Every structure is written in C-alpha cells, then in structure tokens.
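Reviewing the structure listed below.
FYI, it's all coordinate maths here, none of it is from the lab. None of these values were measured; they are calculated from a predicted model. Every residue, glycine as well, gets a Cβ built from its backbone with ideal geometry; the counts of neighbours run over all protein chains shown.
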Amino acid sequence: MNERPYQKEPEQQVSPAALFTAFLVVSLCSLGGGGIVWTRRITVERRRWLSDREFADIVSLCQFMPGPNIVGIAVCVGAKMRGALGTIAALCGFLGIPWAVGLALGLLCLEYAQLPVLRNILGGIAAAAAGLLIATGIRLLKPYRNRPAALLFSGLAIALIALGGLPLLVVLFSLVPISIAVAGIQAAMAR
C-alpha cells in the first residue's frame, strides 16, 4: 500500500470544532484502549490531516514522552492543525465526556467486580484492544518497511519486551540512542 500524500491544503485550516469532534469520536470509540488505532483511522485515513509518516513520527515522539500516548497525540495533532487553540479543542474532545462516562462505568465495575460475567466481558474487551494495538503497530511500521534498520530495531524492541521480559523504559533508553546513531550514520552515508 502506498503512502498517501499530505492532503490538507496550505490555506485550509482545520476548525477547532472539527478537532474537538474528531477526538471525541476517538475517545468514545476506543473503549478500553485502541485510541491510537482510532486516531490513525480518523486523522490519516478519513480526514487526511496527516500522512502515514507524519502520524508515525507523532506516535514515536509520544511513546518517548511521559504520560498517556493518546493524550500526547491529541496535543501534537491539535497543535499541528491549529496551534494552542487546536490543542485545547483536541484535549477537551478527548477528555471531556469520556472522562465522565469512564468515571461512572468505573464506579459500577467496582461495585460489581466480583461477578464472573463482568470479569469475562472485561477479559474479552482487553483481548480485542490488544489485537487492535498489534494491528496498528504493524500499520505504523509500513512507512519504514524499506528501512532494514527500522525493522531491526522494532523487532529487537518486541523481542526484548515480549520474550526477554525487560521493562519498557529499559528497552527504550537502550535502543533509542543506538537507533538514532544508526539513522545518523545512514543519513551521512546517503549524502
């Protein structure tokens, strides 16, 4: 699948209402996880605000930064589309109503946590969210499929975390400097 070119016209700005609505949809559709999946689907595939590569770069930055990735992605997309106003709109859309719904559902789940049917439902939702996250990870790698170093480092990260049982921060702080150095060497050799 070819990478789509950036579709937004330079003079055309995304409205704060559009950002609010997009991230409201993301937050309502990503119950129990999968926010990155829905954000990519809306910002890259449907609205074409970002290219695959731009989205992958934003996700990479947000993976490295502290805090929830999806909140960082909302901040980055909002800032890229409309600056500070876009950031506020995207965050309010993502955090407003879903926060209230999540709080209410969380209180109900705590009240009835001992019921086996509820534990089975939550287990099924968690499995579906994990599958969506894996599928999105594969899609995020697509723009880099012609770069063996990127595939090597992503495979190495997966192996160290999933098979080696190392914590994410250890893998992150070990592989990021090495991958940056390798990318710099490749860029210098390409000149």
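Contact order normalised by length for the chain, with contacts defined as Cα pairs under 8 Å and 6 or more residues apart; what percent is it?
Numbers: 162 pairs, mean separation 43.1, N = 191.
Taking the mean separation of contacting Cα pairs over the length of the chain, I get 23 percent.
How large are Rg and Dmax for region 147-191 when calculated on the C-alpha trace, in angstrom?
Over region 147-191's Cα set, Rg and Dmax evaluate to 11.7, 39 Å.
Using r as the Cβ-Cβ distance of LEU152 and ALA127, and R0 as 22 Å, what FRET efficiency do you calculate, to the nearest 0.05? Could the numbers behind the result be given before it?
Details: r = 29 Å, r/R0 = 1.32.
Efficiency, rounded to the nearest 0.05: 0.15.
By average Cβ neighbour count within 10 Å, what is the ranking of 116-128, 172-184 from highest down?
Order by mean packing, descending: 172-184, 116-128.
Using just the Cα positions, wrap region 78-136 in a convex hull and report its mean projected area in square nanometres, one decimal place.
That works out to 5.4 nm², a quarter of the Cα hull's surface.
Restricting things to alpha carbons, tell me how big the chain is in terms of Rg and Dmax, in Å.
18.6, 63
Counting pairs of Cα atoms in region 35-96, how many percent are more than 13 Å apart?
When all Cα pairs of region 35-96 are counted, 59 percent exceed 13 Å.
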